[in-house]
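Beneath this line is the structure, given in structure tokens, with notes to follow.
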Amino acid sequence: MKEKRGSLYLLTGLVIGAVLGLLTSIFIVPARYVDVAPSALKAVDREQYRALVARAYLVEADNGRAVARLALLADPRPADALVAQAEKEKRPGGDEHTSRALALLAAAVSQKQLLITPLPRIAAEAGGQATEPAPGEQETPTLPPPTRTPGATITPRPSPTPLPTQGAPYALIQQKEICEVEGRGSLIQVFVFNAADEGVPAVRVEVSITDGGVESFFTGFYPEISPGYADYAMVEGMTYNLRVGSTGQLVQNLSVPQCKNKDGEAFPGSIQLVFKQP
Amino acid sequence: MRKGRLIAFILAIMLGATAGLMYGWLYYPAKISAAAMKSLRADYKADYVLMVAELFATDGDLEKATDRLEKIKPADAIGAVRRGLLTAQEMGYADWEMRLIADLEIALQQTRQETRP
């Protein structure tokens, strides 16, 4: 009697082999990843990368660069991913600073025109033009409008301190131009000190533009520089008048100073104003 | 006849295994994101080192910087920075960026020397 058998055993062999091969390739001898892009990172590392991009964004204040770095992760909706991670970081055990950085970067991704003031660097930058140290103690950052800067999201809020006497006159004791390395923007950097040489937070600083328009901001949002520090981003070609406090001395005709780098190329500088109560 | 079937069966298993391995090594990794930070390409690592250097320049927290660097080069933070510095140089990073990375390397070096017995 002739035994009749089909070829189903071949299919069985193929399936067994495929399963064995797949298990081997995943668990026993997994593929080695070499020279990958950030988009290939595993979830945990993606989050770490995203957090680092957000923290670096606070230092550089460069929207384009931060967005380009985020694009490397190839998130379908980068802003959503940032917000989700920011919320995750808010939970117990998370990092509040990272959460804020992520939230701020999410805002920057959604609103391209958003500008922030970069965090100051504590390590002195060698080379380039000499950076004038702030009276507080740290190197001063440059850049955009305090009105659009969610300062409180970047830096800790200043601890509540007694407000200065209302109407106390602040006198300008120092005005100088600051030439920092290129690409940082131009600021009016204001330092307000009391008679005891202590930085005074929550002092209103009013800036008026020659052809109309007044903006005000307050000291104290950058305690890491000085409790009495505030800044304002200038636009080239504009002239500003500035007053500290309601009866402080009016400083007129402030405009972007022109600096030169080591190659003799001009770049916009900043102005530092130091006010003190007599 | 029986021997022939056995050989065919074994061949089928080997064929299936080859297909399974190919899928697991080539296709499956591309579909999922499972790489670790240390697998990043050199230019991405250099940018990563730059970001770490920028944060270090802001917070001065060398321990945190070391932790971050060891993600791209476990147990050799200085090596990660040196590699990053070389790549940054090759890629024409700006002077101030190079300087930030170099500052970080110096800080790591100093700490290593201080901790040496």
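Here r is the Cβ-Cβ distance between B:ASP76 and B:ASP43 and R0 is 22 Å; the resulting FRET efficiency, rounded to 0.05, is 0.70.
With a Förster radius of 51 Å applied to the beta-carbon distance between A:LEU115 and B:GLU114, the computed FRET efficiency rounds to 0.80.
Only aspartates and glutamates eight or more places from B:LYS38 in sequence, or on another chain, were considered; those with a Cα closer than 16 Å are A:ASP35, A:ASP45, A:GLU47, B:ASP47, B:ASP67, B:GLU70, B:ASP76.
For A:VAL207, the shell of other residues with beta-carbons less than 9 Å away shows a net charge of -1, using +1 for Lys and Arg and -1 for Asp and Glu. The trypsin sites (Lys or Arg not before Pro) of the range A:49-112 that meet both conditions, a loop assignment by DSSP and at most 11 other Cβ atoms within 10 Å of the site Cβ, are A:LYS112. The A and B chains share an interface that buries close to 4200 Å² of accessible area, total over both sides, probe 1.4 Å. Taken residue by residue and averaged, Cβ atoms of other chains lying within 10 Å of the Cβ of A:9-15 number 6.
In terms of accessible area, using a 1.4 Å probe and ignoring ligands and nucleic acids, A:SER255, B:SER39 rank largest first as A:SER255, B:SER39.
Counting only lysines at least 8 places from A:LYS176 when in the same chain, those with an alpha carbon closer than 19 Å to its own are A:LYS260, A:LYS276. Computed from the Cβ-Cβ distance with R0 of 30 Å, the FRET efficiency linking A:ALA37 to A:LYS262 stands at 0.25.
The values are calculated or read from the model by the stated rules, or taken from the named source; none is laboratory data. Just so we're clear, the structure is a prediction, and the values are computed from it rather than from any experiment. Every residue, glycine among them, receives a Cβ derived from its backbone with ideal geometry; neighbour counts consider all protein chains shown. Heads up: the accessible areas ignore ligands, DNA and RNA and are worked out on the full protein's heavy atoms, side chains in. Shrake-Rupley method; radii C 1.70, N 1.55, O 1.52, S 1.80 Å.
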